[in-house]
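Asker: Supplied in structure tokens, the structure appears directly below.
The values are calculated or read from the model by the stated rules, or taken from the named source; none is laboratory data. Everything numeric here is computed off the predicted structure, so don't read it as measured data. Cβ placement follows ideal geometry from the backbone for every residue including glycine, while neighbour counts extend to all protein chains displayed. Just so you know, the surface numbers come from the protein's heavy atoms only, side chains and all, with ligands and any DNA or RNA stripped out. Shrake-Rupley method; radii C 1.70, N 1.55, O 1.52, S 1.80 Å.
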Amino acid sequence: MIEVTERKDVWPVCPHCEEELEGIHYEQLRGKFFRRFVYFCSHCHKVLGVSERKSFWVS
Ligand SMILES: [Zn+2]
């Protein structure tokens with residue numbers, strides 16, 4: 001079992017530009033048969049992850 005600990009004193013850091021992620025931006029991609037959300041860094045705009053749903057991350 002992996003232990004999950006909530007941290008409020010540190011922010012996640014973008015793996016690309018190493019800036020702290022104050023907010024994560026996302027763009028909705030719509031196709032005929034799919035709808036996906038692409039999450040990207042608000043600083044460098046590099047993609048952090050893609051998800052089918054807004055609240056769930058899939059890398
Ligand atoms: Zn970045």
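Asker: With respect to the numbered conditions (1) at pLDDT 80 or above; (2) open to solvent by 80 Å² or more (accessible area, probe 1.4 Å), which one is the sole condition not fulfilled by Ser51?
Answerer: (2)
Asker: Under the condition of being assigned to a loop (DSSP other than H, G, I, E, B) and aromatic (Phe, Trp, Tyr), which residue from segment 1-38 is farthest from Gly49 (Cα to Cα)?
Answerer: The extreme case among them is Phe33.
Asker: Which residue is modelled with the highest pLDDT, if the candidates are limited to segment 34-48 and must be charged (D, E, K, R) and more than 10 Å from the ligand (Cβ to nearest atom)?
Answerer: As a first pass, look at segment 34-48 and keep what is charged (D, E, K, R): 35-36, 46.
Next, from what is left, pick out any that are more than 10 Å from the ligand (Cβ to nearest atom): 35-36.
Working: Arg35: 82, Arg36: 86.
Ranking the candidates gives Arg36 first.
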